[in-house]
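Novice: Pasting a structure below so you can have a look.
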Amino acid sequence: KADIAMYHAKALGRNNIQFYNDGMDQNSSRRFTIANSMRRGLDRGEFRLYYQPKLDVSSDCIVATEALVRWQHPELGLLAPTEFIQLAEESGLIVELGEWVLREACRQNMVWRQEGMRGLRVAVNLSGYQLQHSRLVETVRKVLDETGMPGELLEFEITESVIMQNPDYAVEVLNEITNLGIHISIDDFGTGYSSLAHLKRFSVNTLKIDKSFVRDVENNTTDAAIASAIIAMGSSLNLKVIAEGVETEQQMDFLRDNNCDQVQGFLISRPLPADQALKVLRQKCIGELAQGREALKE
Ligand code: C2E
Ligand code: MG
Ligand code: MG
Ligand code: MG
């Protein structure tokens with residue numbers, strides 16, 4: 001790749017060689033800095049969780065949040081997961097980072113639970129490396145035990161491609177996880193290649209329509225057809241369907257008209273630090289709703 005860039009740069013003249021080199025150096029030196037400061041970042045507690053609400057369409061209540069990791073890097077500022085998750089997988093540090101994310105998400109959800117949001121669940125993203133190479137089930141049991149979190153309030157988001165890397169093993173692990181009461185969502189659904197045969201081998205709870213289909217759903221007939229087909233399929237398989245990346249009222253109207261169960265996106269709320277997320281949670285009635293439900297059960 002570097003050679004091709006050099007070749008083109010040479011064809012364009014000397015200054016361009018300089019330009020290409022600088023660009024590549026900056027990029028790889030940023031990656032190098034990120035990869036090399038991760039150990040220290042974990043030790044110093046530089047990672048943060050942001051929470052993005054999931055709204056139930058028919059009740060207009062927030063029923064869950066998704067925990068999204070960020071890194072408050074001392075030199076580079078606030079880093080998005082797209083800049084460091086893959087590097088964390090390459091170094092194996094994703095196992096430790098993932099355990100921190102899980103524990104912190106459960107701890108925070110229990111704090112909110114104590115503040116009255118009793119039915120609120122939290123979703124945690126799992127990468128392929130975590131599923132294949134860590135003692136995930138053991139870690140999950142330990143964290144639920146230590147935080148007092150009911151398994152039923154935890155959800156894992158995994159992509160189809162993560163399952164397809166090693167379907168037999170993934171199915172085995174996911175069955176153990178669902179036995180703990182934990183819910184499973186298929187993230188970015190529709191972007192991976194079809195794995196319905198594998199998906200029926202464990203209990204999936206939710207399909208999450210990828211935001212690439214939501215973006216132009218009002219104008220692009222193919223995207224609209226895909227989104228409504230996923231919703232129809234989910235409903236006939238008895239799965240919940242959630243749409244991610246909802247930014248406009250028009251997208252929201254389409255999803256409501258097509259009976260999508262839940263929505264998530266900037267229209268409802270951006271991912272927020274816990275203290276700011278709490279304000280949004282308070283506005284959207286989860287406390288009363290969930291308490292009402294629990295009261296009914298008692
Ligand atoms: P994802 O799980 O599919 O998360 C959705 C991404 O879309 C998030 O980006 C979120 O901030 C962004 N998003 C939410 N609403 C909107 C919207 O209305 N419009 C647009 N354009 N974007 C929206 P983020 O936080 O940068 O995360 C990117 C990816 O990094 C996630 O994709 C997930 O795959 C991964 N990730 C995040 N946190 C973790 C983690 O703790 N562990 C692992 N293994 N992966 C994580
Ligand atoms: Mg996700
Ligand atoms: Mg997603
Ligand atoms: Mg995504």
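Novice: Taking segment 240-260 only, how many residues are closer than 14 Å to Phe189 by Cβ, in a loop (DSSP other than H, G, I, E, B) and within 16 Å of ligand 2 (Cβ to nearest atom)?
Specialist: Number of matching residues: 2.
Novice: Kindly check whether there is at least one residue in segment 208-216 that is assigned to a strand (DSSP E or B) and under 26 Å from Asn166 (Cα atoms). Give the steps one after another, and end with the answer.
Specialist: Taking segment 208-216 as the starting set, the residues that turn out to be assigned to a strand (DSSP E or B) are 208-209.
Going one step further and asking which of them are under 26 Å from Asn166 (Cα atoms), we end up with 208-209.
Within segment 208-216, one or more residues are assigned to a strand (DSSP E or B) and under 26 Å from Asn166 (Cα atoms).
Novice: Out of Ala170, Ala123, Ala227, which single residue is within 25 Å of Ala88 (Cβ to Cβ), in contact (Cβ under 8 Å) with a residue 12 or more places away in the chain and in a helix (DSSP H, G or I)? If you could, list the steps in order and put the result at the bottom.
Specialist: Details: Ala123 fails: in a helix (DSSP H, G or I); Ala227 fails: within 25 Å of Ala88 (Cβ to Cβ).
Unique residue meeting the criteria: Ala170.
Novice: A further question on this structure: When only residues in segment 147-163 that are assigned to a helix (DSSP H, G or I) and touching a helix residue (DSSP H, G or I) at 6+ places or on another chain (Cβ under 7 Å) count, which is farthest from ligand 3 (Cβ to nearest atom)?
Specialist: Taking segment 147-163 and keeping what is assigned to a helix (DSSP H, G or I), we get 147, 151-153, 160-163.
Okay, now just the ones that are also touching a helix residue (DSSP H, G or I) at 6+ places or on another chain (Cβ under 7 Å), so 147, 151, 153, 162-163.
Details: Thr147: 25, Gly151: 22, Leu153: 20, Val162: 12, Ile163: 14 Å.
Among those that are assigned to a helix (DSSP H, G or I) and touching a helix residue (DSSP H, G or I) at 6+ places or on another chain (Cβ under 7 Å), it is Thr147.
Novice: Answer with yes or no whether Ala105 is small (Gly, Ala, Ser), within 16 Å of ligand 4 (Cβ to nearest atom) and within 29 Å of Lys279 (Cβ to Cβ).
Specialist: Working: small (Gly, Ala, Ser): yes; within 16 Å of ligand 4 (Cβ to nearest atom): no; within 29 Å of Lys279 (Cβ to Cβ): yes.
It is false that Ala105 is small (Gly, Ala, Ser), within 16 Å of ligand 4 (Cβ to nearest atom) and within 29 Å of Lys279 (Cβ to Cβ).
Novice: Using the structure shown, decide if Glu75 is surrounded by 14 or more Cβ atoms within 10 Å (Cβ to Cβ) and modelled with pLDDT of 95 or more.
Specialist: The answer is no for Glu75.
Novice: Having 2 or more residues that are within 16 Å of ligand 4 (Cβ to nearest atom) is the bar; report the strands (runs of 3 or more DSSP E) wholly within segment 38-82 that clear it.
Specialist: On the way: elements: 47-56, 61-73, 77-79.
The strands (runs of 3 or more DSSP E) meeting that bar are 47-56, 61-73.
Novice: I'd like to verify a number: residues in segment 86-116 that are assigned to a loop (DSSP other than H, G, I, E, B) and free of Cβ contacts under 8 Å to residues at least 60 places away in the same chain, how many? Walk me through it before giving the result.
Specialist: Start the filter on segment 86-116 by keeping residues that are assigned to a loop (DSSP other than H, G, I, E, B), which leaves 92-93, 115-116.
If we keep only those that are free of Cβ contacts under 8 Å to residues at least 60 places away in the same chain too, we end up with 92-93.
Matching residues across segment 86-116 total 2.
Novice: Phe156 fails exactly one of the following numbered conditions: (1) more than 15 Å from Gln264 (Cβ to Cβ); (2) within 16 Å of ligand 2 (Cβ to nearest atom); (3) in contact with a Gly (Cβ under 9 Å, 6 or more places away or on another chain). What is the number of that condition?
Specialist: Looking at each condition in turn, Phe156 falls short on (3).
Novice: Restricting attention to segment 183-210, report how many residues are surrounded by fewer than 17 Cβ atoms within 10 Å (Cβ to Cβ), touching a Leu at 6+ places or on another chain (Cβ under 9 Å) and polar (S, T, N, Q).
Specialist: Adding up the residues that qualify gives 2.
Novice: Next question, about the same structure. Condition test on Gly92, is it farther than 30 Å from Met252 by Cβ, crowded, with 20+ Cβ neighbours inside 10 Å and away from ligand 4 (no atom under 16 Å from the Cβ)?
Specialist: Numbers: farther than 30 Å from Met252 by Cβ: yes; crowded, with 20+ Cβ neighbours inside 10 Å: no; away from ligand 4 (no atom under 16 Å from the Cβ): yes.
So Gly92 fails the test.
The values are calculated or read from the model by the stated rules, or taken from the named source; none is laboratory data. Just so you know, these numbers come straight off a predicted model, no measurement behind them. Using ideal geometry, Cβ is built from the backbone for each residue, glycine included, and neighbour counts are taken over all protein chains shown.
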